[in-house]
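Asks: For reference, the structure I am asking about is given below.
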Amino acid sequence: MTQLPKTSCSIPMPEVIAIRDTRIIAKIKLCGGAVTINVNETMAWKKPTDEQIKNLHDLFCIDVEILDRGE
């Protein structure tokens with residue numbers, strides 16, 4: 001049985017810094033809340049209409065909760 005050679009990996013890892021906290025503007029809940037996707041202000045987001053929210057719930061059991069009324 002052959003053995004792999006030992007290697008030394010010394011790649012410097014950059015530090016991760018949060019410039020500012022992002023605000024959650026909406027929550028998308030799938031399967032009755034089993035899976036929740038948070039939509040924050042850095043994501044591309046177009047607020048759905050009330051009719052679209054109703055159709056998502058009625059047809060696909062997807063609940064959309066708008067936390068921020070601004071666009």
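Readers should treat all values here as calculations from the given coordinates under stated rules, not as data from a laboratory. Quick caveat, the model's predicted, so the values are computed rather than measured. No Cβ is skipped: glycine too gets one built from the backbone with ideal geometry, and neighbour counts run over all protein chains shown.
Asks: Under a 5 Å amide H to amide H cut-off, with H placed in plane at 1.01 Å, what residues pair with residue 26 once short-range neighbours are removed?
Replies: Placed amide hydrogens put 39, 67 under 5 Å from residue 26.
Asks: What's the magnitude of the charge dipole for the chain around its Cα centre, counting Lys and Arg as +1 and Asp and Glu as -1 at the beta-carbon? Answer in Debye, nearest 20.
Replies: Values: 9 positive and 10 negative charges, 56 e Å.
Using Cβ point charges on Lys, Arg, Asp and Glu, the chain gives about 260 debye.
Asks: If you don't mind, there's one more thing I want to ask. Could you give the spread of the C-alpha atoms of the chain along their three principal axes, from largest to smallest, in whole angstroms?
Replies: Largest first, the chain extends 63, 38, 17 Å along its Cα principal axes.
Asks: Among 13, 43, which comes first, second and so on when ranked by fewest other beta-carbon atoms within 10 Å? Let's see the in-between values first.
Replies: Details: 13 5, 43 11.
Placing the least packed residue first, the sequence is 13, 43.
Asks: Can you compute 3J(HN,Hα) from phi for each residue in the range 35-43, using the Karplus curve 6.51 cos²θ - 1.76 cosθ + 1.60 with θ = phi - 60°, rounded to whole Hz and x for Gly and Pro?
Replies: So the J values, rounded to whole Hz, are 10, 10, 10, 8, 9, 10, 6, 8, 8.
Asks: Same structure, new question: What angle, in degrees between 0 and 90 and rounded to the nearest 10, separates the Cα long axis of helix 50-60 from the longest principal axis of the Cα atoms of the chain?
Replies: In the chain, helix 50-60 runs at an angle near 60 degrees to the longest axis.
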